[in-house]
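Colleague: Just passing along the structure, written as structure tokens.
Values in this text are rule-based calculations from the coordinates and carry no lab data. Every value quoted in this text rests on a predicted model; they were computed, and no experiment measured them. Ideal geometry is used to build each Cβ from the backbone, glycine not excepted, and the neighbour counts take in all protein chains shown.
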Amino acid sequence: MKNPTSKDRNERDDVSTQQNDRVTVSSFASIADRPGFIAKDSRAIGADLEARGVHAWFGAHHALADINLSFSAGTVTALIGPSGCGKSTFLRTLNRMHEFIPTAAMAGEVLLDGVDIYKQGTDVTKIRLKIGMVFQKPNPFPSMTIGENVLSGLKLAQIKRSDKEDLMEECLVRAGLWNEVKDRLSAHGGSLSGGQQQRLCIARALAVQPEVLLMDEPCSALDPGSTLRIEETIRHLSESVIVVIVTHNMQQAARVSDYTGFFLSEEGPGRLIEYAPTREIFSRPKDQRTEAYVTGRFG
Amino acid sequence: MMSTNQIQLNTPAPRKPWQKAPSALVPDAIVFLVAFIAAELTISLTGFKGRLALLLLFTLYSTVGSMALAFKRRGIMAMSDALASSFIYLSIALVGLPLFSVIFTVILRGRHALRINTFTQDMSVAQPDAPFSQGGALYAIVGTILLVLIATAISVPIGVLTGLYLTEVRGKAEGLIRFLVQAMSGVPSIVAGLFIYAVWIVGGHGGFSGFSGALALSILMLPTVARTAEEVLKLIPNDLREAGVALGGTQWRTVAMVVLPAARSGLITATVLGIARVAGETAPLLLTIFGTTTNHFNPFVGPMSALPIYVFQLLGTGLNVAIDRAWTGALVLLVLVSVLFALARGIGRRTKS
């Protein structure tokens, strides 16, 4: 068939979409069925990150009040809550991206392996090397190729490595993108689809080997297939790094996280209402506001 | 095979239903024709004279006509649409006519004196009234190239760094710097020449030379480059800066590796606009490079010439032959500037891929 018409192309697309959907559903189920899926015990290895009495302001607006949370290696923590409750702001205080807003201010301590990252004299670039971030909107560097994007963190931080090719492959494999891009590593990052771009950003964040990975709604702009891949990536990553993920998608929080924190702002700064193993947050929340939110009665 | 044939039979021919059919354009054509005839009639029957009057009347009549047509077709809202379209086409004509007229005139009048020796000889022996086969503009061509290159080398780095200060550093002096850059872009070009003459040449730092001229041109070029650079750097999404910093880059590493490469084509535009601003300047050069008629290619010592000065000096003689040479100088300048622009674009494209 030399010239497939638009009509039969559409038909084939329909079929493949349906197949994709089926794959998606069954894969989600397999993740949730995995033994030890929820509330895995934190292991002693790796780093730990702790927020103590964190407040945040934008000018005179008190956005976030008195957050105490600790994250340990080998766990995924989801932060959920309605828009404007301060969960993204909290995430950005954890790797000192908060200070990029000119009117920003904060109080409290964020301890990485017991040392306050806000201590005077701290080299903030070293902190951000250890605590990586994936943003809501995929933001690969437009002037770089796919391969250069993965290794851009090394260049930015001026880290010398001899095994760059291996590292690039390893990061792309871990981000679940290797098979799709291995033949076009010298293409531009902007030529990828949205979901691929986001996985490229994850690979880029992994290349500097962070101890913590902060993800700010990483799947909010993606289709279900890409979302599934990124969730699988998150599960894999949690074996070696602390993952903190902000999400509006409660099914996603239930699927990927070990612990969940519920943030809410009630005519005042955002607060941490409840923090517990994910299974408990979704099955028997202690606070009725949490229950109302996770059952979809508001928010 | 069967199904393939069926599909091919059922495949409709591609169409563009959103385009007007030729028959639907007939009323528009009639409107323009009637407007043109009406304009001609008005000119022959009333006191209006000349082509300009014809153009104005034609524009007026065809605007009214197409508004009436639009009203008949789609009602009152479509009338403002038709009015706006007419104004836009009129604006294009008003911008395009003088531009093409200038280019056309320069080519038409500049071609008489164009010879091979224009590019190989100087005017040290040839008198202004010498035949076209003697003498040339080599010294002025080289002078202009050197002046523009030196001025670009000085003002593009400073201009881009100024743009970076205004968009990335955002220091305390941001408002003051922006004000100064704006004020500088209003400096008359002769003042830039006078400044370099008074401070640099009379002050004893250097004599009349190509470099002094390039300094004067830099003063004119800098605000153009800085303001354009600021505008294009502002367009780079903040996401990219945040991504760079979140990967552990310092601010400078992020700017150098992420922000500037992303803004590359815009920064090339800034450079091109800067070159366009100064390549044809005459007044500041009279006070700084003085002008000469001999081949002299060292920009750091002794008077030089440039194409605008070549044109100016030859026009000043009043001889017909010299005036033809001056037009040729203008034509060479026009081509030279186009080549510089193409080069700048080429550099921008090549380093990207």
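Colleague: Given contacts defined as C-alpha pairs under 8 Å and at least six residues apart, what's the relative contact order of region B:138-350, whole-number percent? Working shown, then result.
Modeller: Working: 303 pairs, mean separation 65.5, N = 213.
Worked out over region B:138-350, it gives 31 percent.
Colleague: Would you look at the GNM of chain B, springs on alpha carbons closer than 10 Å, and say which of B:Ser85, B:Ser218, B:Ser124 moves the most?
Modeller: B:Ser85
Colleague: If you take every DSSP beta bridge whose two residues both sit in region A:160-299, what share of them, in percent to the nearest 5, is antiparallel? Walk me through the numbers on the way to the answer.
Modeller: Numbers: 7 of 12 bridges.
That works out to approximately 60 percent antiparallel.
Colleague: State to the nearest 20 debye the size of the charge dipole of region B:23-110 about its Cα centre, where the only charges are +1 on K and R beta carbons and -1 on D and E beta carbons.
Modeller: On the way: 6 positive and 3 negative charges, 15 e Å.
For this selection, approximately 80 debye.
Colleague: Quick one: plug the Kirkwood hydrodynamic radius of region B:270-353 (C-alpha pairs) into Stokes-Einstein at 4 °C, 1.567 mPa s, and report D in µm²/s. Present the calculation step by step, with values, prior to reporting the outcome.
Modeller: Details: Rh = 14.4 Å.
Here the translational diffusion coefficient equals 90 µm²/s.
Colleague: Just tell me how shielded B:251-263 is by partners: mean number of partner chain Cβ atoms within 10 Å of each residue's Cβ, no decimals. Display every interim value, and only then the final one.
Modeller: Working: counts 1, 0, 5, 2, 0, 2, 7, 8, 2, 1, 4, 4, 1.
Per residue, the average neighbour count from other chains is 3.
Colleague: By count of other Cβ within 10 Å, fewest leading, how are A:Glu109, A:Glu50 ordered? Intermediate values should be presented prior to the final figure.
Modeller: Values: A:Glu109 15, A:Glu50 18.
Result, fewest neighbours first: A:Glu109, A:Glu50.
Colleague: Can you tell me which aspartates and glutamates have their Cα less than 20 Å from the Cα of B:Lys20? Leave out same-chain residues fewer than eight positions away.
Modeller: The reachable aspartates and glutamates, counting only those whose Cα sits under 20 Å from B:Lys20, are B:Asp28, B:Asp81.
Colleague: Report, ordered by chain and residue number, the aspartates and glutamates lying within cross-link reach of A:Lys286, taken as a straight Cα distance under 15 Å and ignoring same-chain residues fewer than 8 apart.
Modeller: Cross-link targets: A:Glu274.
Colleague: Can you compute the helix-only [θ] at 222 nm over the protein assembly as shown? Use -39500 (n - 2.57) per DSSP H run of at least 4 residues, normalise by all residues, nearest 500 deg cm²/dmol.
Modeller: Numbers: 25 runs with 351 residues, N = 652.
For the protein assembly as shown, the value works out to -17500 deg cm²/dmol.
Colleague: Set the Förster radius R0 to 60 Å, insert the Cβ-Cβ distance between B:Val169 and B:Gln127 as r into 1/(1 + (r/R0)^6), and round the FRET efficiency to 0.05.
Modeller: Numbers: r = 57 Å, r/R0 = 0.95.
Rounded to the nearest 0.05, the efficiency is 0.55.
Colleague: Work the Kirkwood hydrodynamic radius out for the protein assembly as shown: mean of 1/r over every pair of different alpha-carbon atoms, inverted, in Å. Walk me through the numbers on the way to the answer.
Modeller: Values: mean 1/r = 0.0321 Å⁻¹.
Roughly 31.1 Å, rounded to one decimal.
Colleague: Separate question: If packing is taken as the mean number of other Cβ atoms within 10 Å per residue, what is the order of A:71-82, B:194-205, highest first? Can you show the working numbers first?
Modeller: On the way: A:71-82: 23.0, B:194-205: 14.6.
Ranked by mean Cβ neighbours within 10 Å, highest first: A:71-82, B:194-205.
Colleague: Could you tell me which of the pairs A:Lys87/A:Lys126; A:Lys137/A:Lys182; A:Lys126/A:Lys155; A:Lys137/A:Lys160 are separated by over 21 angstrom between their Cα atoms in the structure shown?
Modeller: Numbers: A:Lys87/A:Lys126 24 Å; A:Lys137/A:Lys182 23 Å; A:Lys126/A:Lys155 14 Å; A:Lys137/A:Lys160 29 Å.
Flagged as over cut-off: A:Lys87/A:Lys126; A:Lys137/A:Lys182; A:Lys137/A:Lys160.
Colleague: Here is a follow-up. Packing-wise, with mean Cβ within 10 Å as the measure, how do A:228-241, A:256-269 rank, highest first?
Modeller: On the way: A:228-241: 19.6, A:256-269: 21.1.
The most tightly packed comes first, giving A:256-269, A:228-241.
Colleague: A further question follows. Enter the per residue convex hull volume of region B:23-110, computed from alpha-carbon coordinates, in Å³ rounded to the nearest integer. Write out the running numbers ahead of the final one.
Modeller: Working: hull volume 10.3 nm³, N = 88.
Expressed per residue, the convex hull around the Cα atoms of region B:23-110 is 117 Å³.
Colleague: Cross-link partners among aspartates and glutamates for A:Lys130, C-alpha distance below 13 Å, same-chain residues fewer than 8 apart left out?
Modeller: A:Asp48, A:Asp113, A:Glu211
Colleague: Any idea what the dipole of the protein assembly as shown comes to, in debye rounded to 20, about its Cα centre with Lys/Arg Cβ at +1 and Asp/Glu Cβ at -1?
Modeller: Working: 60 positive and 50 negative charges, 315 e Å.
Around 1520 debye, computed over the protein assembly as shown.
Colleague: Also, I was wondering about something else. Let me know the mean shielding of A:128-141 by other chains, meaning the per-residue number of their Cβ atoms within 10 Å of its Cβ.
Modeller: Working: counts 5, 4, 1, 2, 3, 5, 2, 4, 1, 3, 2, 10, 3, 9.
What the average comes to for A:128-141 is 4.
Colleague: Moving on. With just the Cα atoms of region B:199-287, tell me how far they stretch along each of the three principal axes, in Å, largest first.
Modeller: Taking max minus min along each principal axis of the Cα atoms, region B:199-287 gives 52, 25, 14 Å.
Colleague: Could you compute the net charge surrounding A:Leu264? Neighbours are other residues with a C-beta less than 15 Å from the C-beta of A:Leu264; K and R count +1, D and E count -1. All intermediate terms of the calculation are to be shown ahead of the outcome.
Modeller: Numbers: positive: A:Lys87, A:Arg271, A:Lys286, A:Arg289, A:Arg297; negative: A:Asp66, A:Glu266, A:Glu267, A:Glu274, A:Asp287, A:Glu291.
So the surrounding residues net to -1.
Colleague: Work out the charge dipole of region B:8-144 with +1 on the Cβ of Lys and Arg and -1 on the Cβ of Asp and Glu about the Cα centre, then indicate which of B:Thr59, B:Leu83, B:Ser101 is farthest towards its positive end.
Modeller: B:Leu83
Colleague: Starting from the Kirkwood radius over alpha-carbon pairs of region B:138-350, derive D by Stokes-Einstein at 25 °C in a medium of 0.890 mPa s and give it in µm² s⁻¹. If you can, show how the numbers build up before the last one.
Modeller: Numbers: Rh = 18.4 Å.
Calculated translational D: 134 µm²/s.
Colleague: Cα convex hull of region B:29-76: mean projected area in nm², to one decimal? Each step should come with its number before you reach the end.
Modeller: Details: hull surface 13.6 nm².
So the Cα hull casts an average projection of 3.4 nm².
Colleague: Using each residue's phi in region A:88-105, evaluate 6.51 cos²θ - 1.76 cosθ + 1.60 at θ = phi - 60° and report the 3J(HN,Hα) Karplus result to the nearest Hz, with x for Gly and Pro.
Modeller: Values per residue, Gly and Pro as x: 5, 4, 4, 4, 6, 6, 6, 10, 6, 8, 4, 5, 6, 7, x, 8, 5, 8 Hz.
Colleague: What are the ³J(HN,Hα) couplings of region B:191-200, residue after residue, when phi is run through the Karplus curve with 6.51, -1.76, 1.60 and θ = phi - 60°? Round to Hz, x for glycine and proline.
Modeller: So the Karplus estimates, Gly and Pro as x, are 5, 4, x, 4, 4, 5, 4, 5, 8, 8 Hz.
Colleague: Using modelled amide H (1.01 Å from N, peptide plane; none on Pro or chain starts), what sits under 5 Å from the amide H of A:Ala78, excluding residues fewer than 5 places away?
Modeller: Correct list: A:Ile245, A:Asp258, A:Tyr259, A:Thr260, A:Gly261.
Colleague: Can you give the FRET efficiency for B:Ser185 and B:Asp239, using 1/(1 + (r/R0)^6), R0 = 30 Å, r = Cβ-Cβ distance, to the nearest 0.05?
Modeller: On the way: r = 31 Å, r/R0 = 1.03.
So the FRET efficiency works out to roughly 0.45.
Colleague: Give the whole-number value, in cubic angstrom per residue, of the convex hull volume spanned by the C-alpha atoms of region B:138-248.
Modeller: It is 139 Å³ per residue.
Colleague: So how long is each side of region B:108-166 along the principal axes, counting just the alpha-carbon atoms, biggest first, in Å?
Modeller: Result, largest extent first: 55, 27, 17 Å.
Colleague: Kindly provide the Kirkwood hydrodynamic radius of region A:113-187 in Å, to one decimal, from all pairs of distinct alpha carbon atoms.
Modeller: Working: mean 1/r = 0.0698 Å⁻¹.
Hydrodynamic radius (Kirkwood, Cα pairs) of region A:113-187 is 14.3 Å.
Colleague: Using the count of nearby Cβ atoms within 10 Å as a rough guide to exposure, how do B:Lys16, A:Lys164 rank from fewest to most?
Modeller: Numbers: B:Lys16 6, A:Lys164 15.
Ascending Cβ contact count within 10 Å gives the list B:Lys16, A:Lys164.
Colleague: I want to verify a result. In a Gaussian network model of chain B, Cα cutoff 10 Å, which of these has the top mean-square fluctuation: B:Ile88, B:Ile177, B:Ile158?
Modeller: Among B:Ile88, B:Ile177, B:Ile158, the largest mean-square fluctuation in the Gaussian network model of chain B belongs to B:Ile88.
Colleague: Can you grab the distance from the C-alpha centre of region A:160-203 to the C-alpha centre of region B:267-335, Å, no decimals?
Modeller: 53
Colleague: When a footprinting reagent is the concern and you count Cβ atoms within 10 Å, what order do B:His296, B:His112 take, fewest first?
Modeller: Details: B:His296 20, B:His112 15.
Going from least to most buried by this count: B:His112, B:His296.
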